[in-house]
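The values are calculated or read from the model by the stated rules, or taken from the named source; none is laboratory data. Since the structure is predicted, the reported quantities are computational estimates derived from the model, not experimental observations. Don't worry about glycine lacking a Cβ; one is built from the backbone with ideal geometry, like all the others, and counts go over all protein chains shown.
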């Protein structure tokens, strides 16, 4: 009987020791960088440029930013704020108020001047299948777009940074008419694609 009680006492002691050891073990640590793996939240404060080209640029820019997995875009162009007003020294109060409505990690301003077409063409005489002489014209163009992006780190960056993005799109138009705007739109989209990729790499 005494031997049985001794074994029971030892068993209870070992069980209590095991419980205490398990309860005192440290909690598993989260994977390094887990908190920083979310996309960088970019707040677009203002954007200037020709309407159709600018919207084409921004649409492609946002799509590429999302696809990269590193950036997310918040459109705050209708907020009434200006990039200069939020990024200059002494604008801490304005930034704080702005971030209550548009929280983010980076302020962004986009400037897209008119894309620059360089057009060349030549004409030649040809004969149709019916034997008629006609003049045909082939035009080729290289559309160059240069976008300027200004960024400012939140909450208190030192100063704005400027990123210049250049994109050139070759275009050949075999005499078609009514498509003058299409190469401009394509070039603006290409500039938007390059801008998102370069910005994602730099940040």
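Looking only at the range 174-200, filter to residues that are touching a strand residue (DSSP E or B) at 6+ places or on another chain (Cβ under 6 Å), at pLDDT below 90 and more than 20 Å from residue 114 (Cα to Cα); which one of those is surrounded by the most Cβ atoms within 10 Å (Cβ to Cβ)?
Top of the filtered list is 175.
Which condition number in (1) touching a residue at least 40 places away in the same chain (Cβ under 8 Å); (2) in contact with a strand residue (DSSP E or B) (Cβ under 6 Å, 6 or more places away or on another chain) is the one that residue 61 fails?
So the condition that residue 61 fails would be (2).
(1) crowded, with 17+ Cβ neighbours inside 10 Å; (2) over 30 Å from residue 66 (Cα atoms): which one isn't true of residue 112, the others all being true?
The number of the failed condition is (2).
Of all residues in the range 162-173 being exposed (fewer than 15 other Cβ atoms within 10 Å of the Cβ) and at pLDDT 90 or above, which is farthest from residue 90 (Cα to Cα)?
166
If we only count strands (runs of 3 or more DSSP E) wholly inside the range 54-131, which ones have 3 or more residues that are more than 12 Å from the chain's Cα centre (by Cα) and farther than 29 Å from residue 184 by Cα?
116-127
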